[in-house]
Ligand SMILES: [Fe+2]
């Protein structure tokens, strides 16, 4: 039954704000449904049998916060089932508490991104479950780092409910970027602000493939910072702390959860993966910068941690500026794939130029690997790239782009052994979303398989899936067309049919 609403609620408009994040291709789609037999140009290999799941923030109602960021939209899950050379599409919102109560009220009730003090009503759990979707122990888990997961049925996408692993989950939060051990299927996780908003507590935990909690370690962070992604090796876990910091008093005054902190270093927490005590955590320090997504991590022959991630000198989350309101112009942002080499036994915790190496100097993001090589020495990394010289028709797409500025116009494949990057350019009026890697059936060779990515077509204002064979990376094997557009999503995963 719907809860009673307060007598006075913040006013909402009957349309989305006239802002870049709600305009053009970024206009919320708000579609649930199914389309069988999507159009296929080219040929999908018959051996590909599985489902590509991804999630996008897609607000069901206009917000009462005018400059509400893209990250605050309701999680809408897309599933592309690939079988016998055909693709069918299904999409369904996660029935979070927020989604359900707003649908009952027929209006937005949630306030600012991760600020409960600005809500129109009190929520028990205010997550939007909009950041990642992973398959674990027979369920899909829709994730956002501010709450436990929501569990979904992998076939129907129906929401089962908030998932606390039968009450085993000790943390109030759960990362949107859990890692999986390719041998055991163990899920390695953490939550930050794990005892509630503004708390410095990090809760590290490992979950066996059958859902049993194996270990929990409580840690204290030197600063209440966003820890969006992390990395795992055979023996270590690595926590990159983004210098976006939280202040509960600012939140109580109606301000933002996050504020860029130019004086805060880039802390990298390093903890033994198994059997750690809270005091075992070491926080290494590197000069202030912005860590984005992880590619992979492993240990080299001398026991050093090799940690690969995107790194930008400037605040990529420019919509959360510093205390003086300073933020970089979005078109000036440049994130490049960077390798840190860290000795976890070191007593000197200062990191400098000697510890870092640029692996690819292009502007890139959303790094993916052959997940069978996660946590291990690896050779192949795939990612989104922005290379304006490839021929994107910026004047043509500008009026319908939405979002304010163009993100990534191509897919890259870096061979870490040769240092060579291959590029796939999907078209002059196209932009790409995050790719996923699909292993070729029967092959155990790293990187032998396919890459699949959702592509925005601004000429037709529809979405497409582009499928590449990694042996011939510069051409698409097949382009699969949707009769609708899917605005920018965050993350997704490929799940092979059993
Ligand atoms: Fe992410």
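A few comments on the model shown:
- Entry note, the chain: the mean residue ellipticity at 222 nm calculated from DSSP H runs of n ≥ 4, each adding -39500 (n - 2.57), is -1000 deg cm²/dmol after division by the residues and rounding to the nearest 500.
- Overall, the anisotropy analysis places segment 232-362 in the oblate class: the square-rooted eigenvalues a ≥ b ≥ c of its C-alpha gyration tensor yield a/c not less than 1.5, with a/b not exceeding b/c.
- Segment 227-250 and segment 15-58 have Cα centres lying 30 Å from one another.
- Per-pair calculated FRET efficiency, R0 = 41 Å: residue 461 and residue 213 via Cβ, rounded to 0.05: 0.35
- Put the Cα centre of segment 451-493 next to the Cα centre of segment 269-322 and the gap is 31 Å.
- Here the simple spin-label model places points 7 Å from the Cα toward Cβ, and for residue 356 and residue 31 these points are separated by 4.2 nm.
- Projected label distance in nm at residue 104 and residue 11, using a 7 Å step from Cα toward the beta-carbon: 2.7
- Distance between the C-alpha centres of segment 102-140 and segment 385-447: 31 Å, rounded to the whole angstrom.
- Our summary gives the chain a relative contact order of 13 percent, counting only alpha carbon pairs under 8 angstrom and 6 or more residues apart.
- For a label point 7 Å along the Cα-to-beta-carbon line of residue 324, residues of segment 245-278 with backbone N under 19 Å: 245, 259-265
- Ordering of 439-447, 329-337 by burial proxy (mean other Cβ atoms within 10 Å per residue, highest first): 329-337, 439-447
- Rounded, prolate or oblate (a/c below 1.5 giving rounded, otherwise prolate when a/b exceeds b/c) for segment 20-496 by Cα gyration tensor: rounded
- Take the Cα of residue 235, step 7 Å toward its Cβ, do the same at residue 394, and the gap between the two points is 4.8 nm.
- Efficiency of FRET from Cβ geometry, residue 137 and residue 346, R₀ 25 Å, rounded to 0.05: 0.10
- Cα gyration tensor category, rounded, prolate or oblate, for segment 384-433 with a/c compared to 1.5: prolate
- Counting 0.36 nm for each residue step from residue 498 to residue 158 and taking away their Cα separation leaves a gain of 120.4 nm.
- Ranked by the mean number of other Cβ atoms within 10 Å of their residues, highest first, the peptides 399-407, 359-367, 107-115, 210-218 come out as 107-115, 359-367, 399-407, 210-218.
Bear in mind that the values in this text are calculations on the coordinates, not laboratory data. Given the structure is predicted, the values throughout are model-derived calculations rather than measurements. Glycine gets a Cβ as well: all are built from the backbone with ideal geometry, and neighbour counts include every protein chain shown.
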